[in-house]
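A quick write-up on the structure given underneath.
The values are calculated or read from the model by the stated rules, or taken from the named source; none is laboratory data. Everything numeric here is computed off the predicted structure, so don't read it as measured data. With ideal geometry, Cβ positions are generated from the backbone for all residues, glycine too; neighbour counts draw on all protein chains shown. Note: areas computed on protein heavy atoms with side chains; ligands, DNA, RNA excluded. Shrake-Rupley method; radii C 1.70, N 1.55, O 1.52, S 1.80 Å.
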Amino acid sequence: LLGSENVSLNDQGLKITTTLDRNLQLSANFAVAQSTPMLLDLEGHINRPTRANNQKTRKIERIEAALLATEPKTGSILAMVGGRNFRESQFNRTVSMKRSPGSAFKPVVYSIAMERGLTWSDLVFVSPIDVAGFRPKNHKGDDLTEVTLIKALAKSMNTPVVSLAQKFGLAKIIERARVMGVNSTLPQEAGIALGGFGA
């Protein structure tokens, strides 16, 4: 049995083929190992450790890292590093970690808008919004402007999609996400409109 402790693979005539690129893998290992650990300050913001800010951190939180390099045309994996130190943690973050879908989730909300009779050329006013303390931001210079829905989607603006989600209701957003194949746990909070959950 391949991998059994008492079975030697030497001289067994086995040929193992992989898409991994040895040089890229070595570079990936080095890049992750040398990446600078970060600290969280008292407000939860990320700070790189320096002598000046060490006193301002509530505790050192070593933020993990992972790296996956693929061949775009084929999807072949060229290099994979699942974490900073395999001896400390065998959890492979490249394949087993949930990730935030982010703006890739916004079309779920816009699909409901289209179903409700809105069109891509309809205008929406881009302004700051506060939903029970949740204050999404747009790119600098986008606030206090009027744009079409298609431009709001193309520029990945945050406040228009959150406003639409509030009009439709979280239950409708979650229902549509399920129909579109999202099986992850979806929190009952405004941030889901921006893909703020693990999937």
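Details
- Positions within the range 94-115 being over 16 Å from V162 (Cα atoms) and either more than 19 Å from the chain's Cα centre (by Cα) or part of a helix (DSSP H, G or I) (or both), in sequence order: T94, V95, S96, E115
Condition check ((1) closer than 27 Å to A199 by Cα; (2) touching a residue at least 24 places away in the same chain (Cβ under 8 Å); (3) touching a strand residue (DSSP E or B) at 6+ places or on another chain (Cβ under 8 Å)) across all residues:
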residue	(1), (2), (3)
M97	yes, yes, no
S103	yes, yes, no
P107	yes, yes, no
Y110	yes, yes, no
E115	yes, no, no
D130	yes, no, no
G141	no, no, no
T148	no, yes, yes
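- In this structure, F91 does not satisfy being open to solvent by 40 Å² or more (accessible area, probe 1.4 Å), out of contact with any helix residue (DSSP H, G or I) (no Cβ under 7 Å at 6 or more places or on another chain), free of Cβ contacts under 8 Å to residues at least 40 places away in the same chain and part of a strand (DSSP E or B).
- Unique residue being modelled with pLDDT of 55 or more and loosely packed, with under 14 Cβ neighbours inside 10 Å when the list is I46, I16, I77: I16
- Of all residues making up the range 145-165, the number that are in contact with an Asp or Glu (Cβ under 8 Å, 6 or more places away or on another chain), assigned to a helix (DSSP H, G or I) and under 24 Å from R99 (Cβ atoms): 1
- Taking the criterion of being touching a Leu at 6+ places or on another chain (Cβ under 9 Å) and surrounded by 12 or more Cβ atoms within 10 Å (Cβ to Cβ), the residues of the range 124-146 that qualify are V124, F125, V126, S127, P136.
- Members of the range 166-199 that are assigned to a loop (DSSP other than H, G, I, E, B), under 19 Å from M114 (Cβ atoms) and touching a helix residue (DSSP H, G or I) at 6+ places or on another chain (Cβ under 8 Å): M180, V182, G195
- Residues located in the range 148-163, provided they are over 19 Å from the mean Cα position of the chain (by Cα) and either aromatic (F, W, Y) or open to solvent by 10 Å² or more (accessible area, probe 1.4 Å) (or both): T148, I150, K151, S163
- Output for the range 164-175, where each listed residue is touching a residue at least 24 places away in the same chain (Cβ under 8 Å), open to solvent by less than 50 Å² (accessible area, probe 1.4 Å) and not basic (K, R): L164, A165, F168, I173
- Single match in S76, S156 (criterion: of a type in the set (S, T, Y) and touching a helix residue (DSSP H, G or I) at 6+ places or on another chain (Cβ under 9 Å)): S156
- Note on the range 19-41: among residues that are more than 15 Å from I77 (Cα to Cα) and at pLDDT 85 or above, the one that is nearest to the chain's Cα centre (by Cα) is V32.
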